[in-house]
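Quick notes on the structure that follows.
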Amino acid sequence: MIKNICKFSLVAAMICSLPAISLSQSSKYKCMLQMSNYLGEGAYVVVSLVDPKGNYEKTLYVMGSDKKWYPNLKQWHKAYSKKPSNISSITGASVTGGDRSMTVIQIDNNKINAGYKLRFETAVEDKEYHEKDVEVALTNEGLAAKTEGTGYIRYVRLSASN
């Protein structure tokens, strides 16, 4: 009898967790980033997931692989230093003025239409730092729109990736 109750409880728990499992699934998005025409070194760009209160939750992509320049991305580096993670699989080359970069980022579906944003933070050696060069609202509309930058990034455009 107790064995049957345990089996039933286990099956019930698994069934009840199915909606939570489907909510935690993620989708891939192509991220096209067009840089403005500035003079100088390549920009380091960090794409972060920020929660509805503006707190850093997760690093999604880093453009620039030389770790000695990471402290120039001041707010991201401060958050990253508190909870370092292995970002080698989501790191690529820095991007220079006028260039275009195409990357793929993965976003948890339960973050969409829930107040989250993608923050593009930029820094260039011996130049200005932009904490919020671009912020894209993680809404159906935000993910479909072209979002203008305020610093080194001219604009960002996202599209669902298959």
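Readers should treat all values here as calculations from the given coordinates under stated rules, not as data from a laboratory. On a predicted model such as this, the values are computed, not experimentally measured, just so you know. FYI the Cβ positions are ideal-geometry reconstructions off the backbone, even for glycines, and counts take in every protein chain you see.
Quick notes
- Computed magnitude of the charge dipole of the range 56-143 (debye, nearest 20; Cβ of K, R +1, Cβ of D, E -1): 380 debye
- Degrees between helix 2-23 axis and first principal axis of the chain (Cα, 0 to 90, nearest 10): 30 degrees
- Estimated distance in nm for a label pair at A145 and Q34, the labels positioned 7 Å out from Cα along Cα-to-Cβ: 1.7 nm
- Among the listed values (i) 187; (ii) 138; (iii) 121, the one matching volume of the Cα convex hull per residue in Å³ as calculated from this structure is (ii).
- Taken along the Cα-to-beta-carbon direction at a fixed 7 Å, the label points for E41 and A93 span 1.7 nm.
- Stretch gain in nm, segment N110-A160, where the contour uses 0.36 nm per residue and the Cα spacing is subtracted: 16.5 nm
- Whole-Å distance, taken between Cα centres, linking the range 83-100 and the range 103-162: 14 Å
- Placing pseudo-labels 7 Å out from each Cα toward the beta carbon at E125 and K53 gives an inter-label distance of 3.8 nm.
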